[in-house]
């Protein structure tokens, strides 16, 4: 099997949807609740799992974390962990799963998936529903994003 030509174009940054959108407050997938120096984090609209977020590297187009400079790498991972801490603080999951995929959209981004005590299958992999569930109600999504924004504004002790 061969990967589609579009994948290789996007891998080079041609038509990359993450680069092309800039740094909006909202995108097709969610509502931004964290804007770091190098990343943006969006609370996912899809009604898959409360607190499911994506963290996009925004400094430039890269596909793999191995393409980051040492400074970018430190910043990316620190900001990703900041997002994880916010999700832990607000949603109190049992566990967080971090996925770096990029097979559909070859641009460095992470999926952060809270896991709860009532998950239907706590073992890996996360049981994504089929078909996709309806989106979260807009008022709930915005309220959750505001809880995360408020948590981000609170001073946090150094770890």
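No value in this document is a laboratory result; all are computed from the given coordinates. Because the structure is a prediction, the values reported are computed rather than measured. Heads up, the Cβs are rebuilt from the backbone with ideal geometry, glycines too, and the neighbour counts pull from every protein chain shown.
What is region 2-52's relative contact order, in percent, from Cα pairs under 8 angstrom and six or more apart in sequence?
RCO, region 2-52: 20 percent.
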- Length-normalised contact order of region 1-127 in % [C-alpha pairs under 8 Å, at least 6 apart]: 24
- Query: At q = 0.11 Å⁻¹, what base-10 log of I(q)/I(0) does the Debye formula yield for region 14-100 when every alpha carbon is treated as an equal point scatterer in vacuo?
  - Reply: -0.30
- With all distinct Cα pairs included, what does the Kirkwood hydrodynamic radius of the chain come out to in Å, to one decimal, could you say? 16.5
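For a protection proxy built on the mean count of beta-carbon atoms within 10 angstrom, sort 73-84, 8-19 highest first, please.
The packing order, highest mean first, is 73-84, 8-19.
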- Query: Using only Cα atoms, what Kirkwood radius does region 70-149 have, in angstroms?
  - Reply: 14.7
